[in-house]
Structure formats: C-alpha cells, structure tokens
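Q: Got a structure for you, written out below as structure tokens; questions coming shortly.
The values are calculated or read from the model by the stated rules, or taken from the named source; none is laboratory data. Bear in mind the structure is a predicted one, so any value in this text is a computation, not a measurement. When we count neighbours, we look across all protein chains shown, and the Cβ atoms used for this are built from the backbone with ideal geometry, even at glycine.
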Amino acid sequence: DGDHIWVESAKYYVISSPAQVLPLFLVRFADSGCKDAELEKVLSAGTWTTKKAEEVLAVPPNRPCVMSRESATVLWMGLLHAHLSDEQLEADVRSFFAQHAPAYTEGMKVQIVRGIFKKAHAILKRPMPRDVVHRLNKLPFTEGGQQRTICVEDAHGSPEQKCPKWIAKYCRGQNLRYTTPCWCWHPHRETDRASYSLELVDLHSAKGNEILSKFSSSAPFHDGQPRIVSIRAMKNPVLSRLHEEYRQYLQTKHREEPSVRELYHGTNNNIHDVLFKHGLQPPSDCDASDACPVSGGKGLCTTLCPNTCRFCTTKHEWGRCHMFGLGIYLADIAQKSHRYVSQPQAGPRGTRRYKMIICSVLGRAFKLEGHLRTKDAMHDVANVRILNSEDLDEMLEPCCAAARRPGRGGVACSEDSTADAPPEKSDLLFVQGLGSNCRPGSSVYNSEYIAYHPHQCLPKYEIEYEI
C-alpha cells in the first residue's frame, strides 16, 4: 500500500505516477562521443516545453457600437487576442477604465470569456450613460503592450443590433426581462418549423431493458413504486442538428471534445410537445400569465414566451423553486427527477400516470458543494458563467469537502479536462448531493445538474410510468 516500490537488487525506485517526481538537475557525464542532436539543441536553448506555441490570430475589425438604451450596467468589450492570458487582458481592461472612466471602477468586476477570440465583460456597480459608452469606442486601449481601439457595447444589446450571442440558433437572454436580458434583434428560431415523432421501444429489447433497469434501480420513489408502461424514442432532425452545432461550439470554445452525459429530466407533463419541438427550455424570470395564449392555462411556474410578450411581464419571485438558478434541472437517477414531474394524468385503478425524459447533455460541469446562505441566494442565476468566486462565497456556506477549494468549485467528473476550472469556463452546474448532511431548502440530498441552453440537452426518450 505504499506510494512507490524499492527494488533492492537493482538499487532503484519504481514509481506509479510521473506527478510523484520533480526533476531538479540534469547531469552530463564525460563525453562518450555519442550525442543526440535534438537534446543538444534543447540544452543550448536553456528552456524546453511540450506545449505548442499558441497561434496568434488577427482579430476582425471592430464592430460599430449601436447602444441605444439610456445606460448600461454590463459592458461587452472585444474582440481581444486569444493568445494573451486572461490575467493580462483583465489587467488591460482595468487600466483602460482607470485611465478613461475612473468614476466607474469602484466595485467593477471583469470576466474574460474565451471563444476563437476572447472578449471581456465589465460588470459595473454604477450605470454608465450611453454617451460615455460611445466615447470609449474612440479612446486608445492598450492590449498586451500594443495600442488599438476596441468595441465597447451594452452587453444586454439594443434592438438595432443583430444578436452576437445567437449560439446554436438560440440566445439565453431572449426570455429574460429582469436578470440578464438581451434586447437585440433575433431571427426566428429554426425549431419554429421543426417536427418530431415518437417511436415505441420494445421493453424487452436490449435498449428497452437497459432503460428500464437503470430507471428502476433508484426505486421506490418518494410517493411509491413506479411501473414503466412504455418507452418512446424521440426523433427531431432539427433538434439533433442544433445539438451537434452546440457540440461544435463547445469544442471550439474549450479546444477539446465536450463531455456527454445521459441524464433524466422531469417537468410539467403538459408541455412535452413544446420540449420535443423546441428543446428543453431554460426558465424565464417572468411568471406565466393566465391571459397569455401561449403560456397560460398550463400550470406553469414561469412563461415559455420571449421577453417581448405583452402578457407575461410580472417578475418571477422565489417560491420554494429554482434553488440553484433559472436553469434546466437534470439528474443521473430517476428518483431525483421524479420530484420535478408535475401535471400527471389519472391512470387505471386509482394510479397516476407520469412522463419523464432521458436527455443527452453536453458540457463541462462546475461543482457546487455546500449550503445556500439564504434560500433564494441563487434563484436569479441565469447562467453558470456569470458566477465568480466572490459571488459564490456570498451565496454558499461550504461543507467540509468544499471548504478546501476556493470558490466552492471544481469539475464534477473525471472525464472533464481540468479539476480547477472556474465557473466562467464551465457550461453547466453540478450540485453535489450531501445525503444525510443536507439541509432542506438550502442543499440537496441527491445530486443534480443544471443546464442553461436548450440545445445543450437533446431529448432522446420519453418514459411513461404509473404509481
């Protein structure tokens, strides 16, 4: 049970992991006349690395600032060179504000976001007037020692602007009015013209047996023993293509193949037709109005409508819901997702008939492990990437394991690439279940995942069951 093996006969150690050893010296013996040209080149250079030099890509021309709202509290700045470090770019952004807009630096937060190019989000405590934002577009910005100008824009957009956050044909801010809205112009969603079909899966087939066995492994549920009635495979070519586009977006963003998980999703059974047509929907920050012809009369907690709906305008407040933000809640055990299923139908012999969805879910997960300091602390979080360590310290009281990690975070699964990825580099939340250590209303017994983009999650199967 040791960490290495000592081989007495050979007088050397055998280690199990390269991380156990730190090379300190390279010793050259008397010249034997046999030299390796590549080694000699490295030794003469004095440095060596296996990391390839990052390609320097020229940023495209600045887009024009079209801000038309009176003021902005979140600014978009870019595009920035991807080969420069996040720390360098954050320092450059802060220097730019200190020089040209010092009145707005107090309490300012800066996030660097990576894609093919980088961009910065400056989150201000004090709203910046429109004329100041437009003026910043003409002032010199020093980036990595080189002087240039950059586009500074209202991050929440303007109606005159085509949405720059239209990722896989969807913008998260399109159905938000009060938290992180997007007021840009958006084209019609491709799913408006989509259609789907449901094909029965034989319960005795290999796939049917696999789904049934995994579903039943967490039974009984909190309200009884489930019995699967049917399994249907969902086919929607448009959703499948958009899911693939989102995979390609993540691959470009992280420069690696994204993780894929198969998770359960429980929701209002009256809207499965909407989900199979448009994809799983991240909740809005507005209540569903009974007068709304789209979202009314379905027993919904939040509206399905975009922020242009004239009926659904009341801000959605905490009501023992959305504990960890306005996202799509998923789980790796059916027992957990069953708690989110609502509006079941009456079944035979006094039973109730429920439906649950199995989804393919993409992305790198940021792990939360602790208790909410207040029950509504994270209710209005609309995207994992807007979180930072300071926010999390205010929102979460860590449990013992999480207390050893700054910002309560890490990556949820071993297949993800980095164990210390910050939330702004992640794509979904993984909330660690605390079992018997959980506090009802402040933490969870069983783990759950929270996604924020409909095409991050592809509905694959619908399970109909009765209890």
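A quick yes/no check of all residues on (1) more than 25 Å from TYR249 (Cβ to Cβ); (2) in the same structural domain as LEU242 (by TED's automatic domain parsing); (3) at pLDDT below 95:
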| residue | (1), (2), (3) |
| --- | --- |
| GLU262 | no, yes, no |
| ILE271 | yes, yes, yes |
| PHE276 | no, yes, no |
| GLY297 | yes, no, yes |
| THR302 | yes, no, yes |
| HIS338 | yes, yes, no |
| PRO348 | yes, yes, yes |
| LYS355 | yes, yes, no |
| LEU362 | no, yes, no |
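Condition check ((1) surrounded by 11 or more Cβ atoms within 10 Å (Cβ to Cβ); (2) outside any loop (DSSP other than H, G, I, E, B)) across all residues:
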site: LEU22; (1), (2): no, no
site: LYS35; (1), (2): no, no
site: VAL42; (1), (2): yes, yes
site: GLU55; (1), (2): no, no
site: MET67; (1), (2): yes, no
site: LEU75; (1), (2): yes, yes
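Q: While we're looking at this one, here's another question. Scan segment 308-318 for residues that are surrounded by fewer than 23 Cβ atoms within 10 Å (Cβ to Cβ), in contact with an Asp or Glu (Cβ under 9 Å, 6 or more places away or on another chain) and of a type outside the set (Phe, Trp, Tyr) and report the count. If you could, list the steps in order and put the result at the bottom.
A: Step one: filter segment 308-318 for residues surrounded by fewer than 23 Cβ atoms within 10 Å (Cβ to Cβ), giving 308-311, 313-315, 317-318.
Now drop any that are not in contact with an Asp or Glu (Cβ under 9 Å, 6 or more places away or on another chain), which leaves 311, 313-315, 317-318.
Cutting the leftovers down to of a type outside the set (Phe, Trp, Tyr) gives us 313-315, 317.
Summing the residues that are surrounded by fewer than 23 Cβ atoms within 10 Å (Cβ to Cβ), in contact with an Asp or Glu (Cβ under 9 Å, 6 or more places away or on another chain) and of a type outside the set (Phe, Trp, Tyr) in segment 308-318 gives 4.
Q: Search segment 329-381 for residues being part of a strand (DSSP E or B) and aromatic (Phe, Trp, Tyr), and hand back the single one that is farthest from LEU434 (Cα to Cα). It would help to see each step written out before you state the result.
A: Let us first name the residues in segment 329-381 that are part of a strand (DSSP E or B), namely 329-331, 342, 345-346, 352-362, 365-368, 370-372.
If we keep only those that are aromatic (Phe, Trp, Tyr) as well, we get 329, 354, 366.
Working: TYR329: 17, TYR354: 27, PHE366: 16 Å.
That would be TYR354.
Q: With the requirement that a residue be farther than 15 Å from HIS455 by Cβ and either of a type in the set (S, T, N, Q) or surrounded by fewer than 19 Cβ atoms within 10 Å (Cβ to Cβ) (or both), what does segment 166-180 give you? Talk me through it step by step, then tell me what you get.
A: Let us first name the residues in segment 166-180 that are farther than 15 Å from HIS455 by Cβ, namely 173, 176-180.
Selection gives TYR178, THR179, THR180.
Q: Could you please let me know if VAL294 is over 16 Å from TYR329 (Cα atoms) and in a helix (DSSP H, G or I)? Steps first, answer last, please.
A: Numbers: over 16 Å from TYR329 (Cα atoms): yes; in a helix (DSSP H, G or I): no.
Taking the combined requirement at face value, the residue does not satisfy it.
Q: Report yes if some residue within segment 23-36 is within 30 Å of PRO422 (Cα to Cα), outside the structural domain of LEU392 (by TED's automatic domain parsing) and at pLDDT below 95; otherwise report no.
A: Scanning segment 23-36 turns up at least one residue that is within 30 Å of PRO422 (Cα to Cα), outside the structural domain of LEU392 (by TED's automatic domain parsing) and at pLDDT below 95.
Q: Checking ARG193 against (1) over 26 Å from the mean Cα position of the chain (by Cα); (2) modelled with pLDDT of 95 or more: exactly one of these is not met. Which one?
A: All conditions are met except number (2).
Q: Return the only residue of ALA45, ALA58, ALA98 being hydrophobic (A, V, I, L, M, F, W, C) and at pLDDT 95 or above. Spell out the reasoning first.
A: Numbers: ALA45 fails: at pLDDT 95 or above; ALA58 fails: at pLDDT 95 or above.
After ruling out the rest, the residue left standing is ALA98.
Q: Restricting the search to segment 423-443, which residues are part of a loop (DSSP other than H, G, I, E, B) and within 12 Å of ALA331 (Cα to Cα)? So that I can check it myself, show each step before the final result.
A: Taking segment 423-443 and keeping what is part of a loop (DSSP other than H, G, I, E, B), we get 426-427, 432-434, 438-439, 441-442.
Hits for segment 423-443 are GLN432, GLY433.
Q: Take the conditions assigned to a strand (DSSP E or B), out of contact with any Gly (no Cβ under 6 Å at 6 or more places or on another chain) and in contact (Cβ under 8 Å) with a residue 12 or more places away in the chain and apply them to LEU200. Does it pass?
A: On the way: assigned to a strand (DSSP E or B): yes; out of contact with any Gly (no Cβ under 6 Å at 6 or more places or on another chain): yes; in contact (Cβ under 8 Å) with a residue 12 or more places away in the chain: yes.
Taking the combined requirement at face value, the residue satisfies it.
Q: Only one of (1) within 26 Å of ARG255 (Cα to Cα); (2) among the charged types (D, E, K, R); (3) assigned to a loop (DSSP other than H, G, I, E, B) fails for GLU106. Which number is that?
A: Checking GLU106 against (1) within 26 Å of ARG255 (Cα to Cα); (2) among the charged types (D, E, K, R); (3) assigned to a loop (DSSP other than H, G, I, E, B), the one that fails is (1).
Residue-wise test of (1) assigned by TED's automatic domain parsing to the domain that holds SER426; (2) surrounded by 16 or more Cβ atoms within 10 Å (Cβ to Cβ); (3) assigned to a loop (DSSP other than H, G, I, E, B); (4) free of Cβ contacts under 8 Å to residues at least 40 places away in the same chain.
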| position | (1), (2), (3), (4) |
| --- | --- |
| PRO64 | no, no, yes, no |
| LEU89 | no, yes, no, no |
| ARG94 | no, no, no, yes |
| VAL110 | no, yes, no, yes |
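Q: Quick one: LEU136 ticks every box in (1) surrounded by fewer than 19 Cβ atoms within 10 Å (Cβ to Cβ); (2) modelled with pLDDT of 95 or more; (3) not polar (S, T, N, Q) bar one, so which box is it?
A: Checking LEU136 against (1) surrounded by fewer than 19 Cβ atoms within 10 Å (Cβ to Cβ); (2) modelled with pLDDT of 95 or more; (3) not polar (S, T, N, Q), the one that fails is (1).
Q: Report whether or not GLU90 is at pLDDT 95 or above and under 20 Å from LYS253 (Cβ atoms).
A: Working: at pLDDT 95 or above: yes; under 20 Å from LYS253 (Cβ atoms): yes.
Yes: the conditions hold for GLU90.
Q: In this structure, is SER218 crowded, with 16+ Cβ neighbours inside 10 Å, assigned to a loop (DSSP other than H, G, I, E, B) and over 23 Å from the mean Cα position of the chain (by Cα)?
A: Numbers: crowded, with 16+ Cβ neighbours inside 10 Å: yes; assigned to a loop (DSSP other than H, G, I, E, B): yes; over 23 Å from the mean Cα position of the chain (by Cα): yes.
So SER218 passes the test.
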